[in-house]
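Asker: So that we are looking at the same thing, I have put the structure below in structure tokens.
The values are calculated or read from the model by the stated rules, or taken from the named source; none is laboratory data. These numbers come from a predicted model, not from an experiment. Positions of Cβ are backbone-derived with ideal geometry, glycine not excepted, and every protein chain shown enters the neighbour counts. Keep in mind that these areas ignore ligands, DNA and RNA; they rest on the heavy atoms of the full protein, side chains included. Shrake-Rupley method; radii C 1.70, N 1.55, O 1.52, S 1.80 Å.
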Amino acid sequence: EAAVTQSPRNKVTVTGGNVTLSCRQTNSHNYMYWYRQDTGHGLRLIHYSYGAGNLQIGDVPDGYKATRTTQEDFFLLLELASPSQTSLYFCASSDAGGEGEQYFGPGTRLTVL
Amino acid sequence: SQWGEENLQALSIQEGEDVTMNCSYKTYTTVVHWYRQDSGRGPALIILIRSNEREKRSGRLRATLDTSSQSSSLSITAAQCEDTAVYFCATGAGGYKVVFGSGTRLLVSP
């Protein structure tokens, strides 16, 4: 069964803090995605990747960096966290990009004070 | 934006009723995804309908796609309390990306 895991599940930091969110998939999928979910906005794409070392800019990339170190691991970095980045973050993987199912992780709730 | 309707909508129905959720999109797409998100969990795909399909069924779920009007619908027949969730439509955009609508919050009461 497809598996996408995220860590940490909850994170609280202060304004200006440094945060790394981790995602691992064991699906052998090429595509991985980072989304943020805020009430009233659905899921908005931050960054995505179609393989190790590849990075693509999503629709709401400001304030975020990402790195895909292996096929399995995709990280989201907030180097100077701001309260506007308080959100629920989801990672997803897919074997067919936009044409196929996205498998989501359980989410990370980030609070920036 | 890819989507015509941007605000999270809410529907409240009684158990046993039928319900239909609609989405309209602005740009060409080859596939429409429908996801369900339960409280505290990530979204999960329930139906994926391609541009060469007008209708697709899965149990009590039925999705339609009208490429001429750029719209899709998801219907649930005889809704149950366990159908309570947020439902998202999404389009496959530009090959790699999936663009999500803002969702419909469905509450099914006994």
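Asker: State the dimensionless ratio Rg/Rh of the protein assembly as shown (Rg: radius of gyration of Cα atoms; Rh: Kirkwood radius). Write out the running numbers ahead of the final one.
Answerer: Values: Rg = 17.4 Å, Rh = 17.9 Å.
Rounded to two decimals, Rg/Rh equals 0.97.
Asker: Another one. Residues with amide H under 5 Å of A:G51's amide H, sequence separation 5 or more or different chain, H placed in the peptide plane at 1.01 Å from N; which?
Answerer: Long-range HN contacts for A:G51: A:M32.
Asker: Give the B-A buried accessible area in Å², both sides summed, 1.4 Å probe, nearest 100.
Answerer: Details: alone 6210 and 5880 Å², together 10300 Å².
Heavy-atom accessible area buried at this interface is about 1800 Å².
Asker: Which whole-number value in Å² is the accessible area per residue of chain B, probe 1.4 Å?
Answerer: Working: 5310 Å² over 110 residues.
Accessible area per residue: 48 Å².
Asker: With only Lys, Arg, Asp and Glu charged, each at its Cβ (+1 for the first two, -1 for the last two), find how big the charge dipole of chain B is about the Cα centre; round to the nearest 20 debye.
Answerer: Values: 11 positive and 11 negative charges, 83 e Å.
Value, rounded to 20: 400 debye.
Asker: How large is the translational diffusion coefficient of the range A:23-113 in µm² per second when you combine the Kirkwood radius over alpha carbon pairs with Stokes-Einstein at 20 °C and 1.002 mPa s? Walk me through the intermediate numbers first.
Answerer: Numbers: Rh = 13.2 Å.
Roughly 163 µm²/s, to the nearest whole number.
Asker: No other cysteine beta carbon under 4.7 Å away is the test; run it over chain B and list who passes.
Answerer: Among the cysteines of chain B, those whose Cβ sits 4.7 Å or more from every other are B:C81.
Asker: Find the Rg to Rh ratio for chain B, where Rh is the Kirkwood radius over alpha-carbon pairs and Rg uses the same atoms.
Answerer: Working: Rg = 13.3 Å, Rh = 14.0 Å.
My calculation of the ratio gives 0.95.
Asker: Please state the charge dipole magnitude for the range A:4-112, taken about the Cα centre, from unit charges on C-beta atoms (+1 on K and R, -1 on D and E), reported in debye and rounded to the nearest 20.
Answerer: The dipole magnitude comes to about 360 debye.
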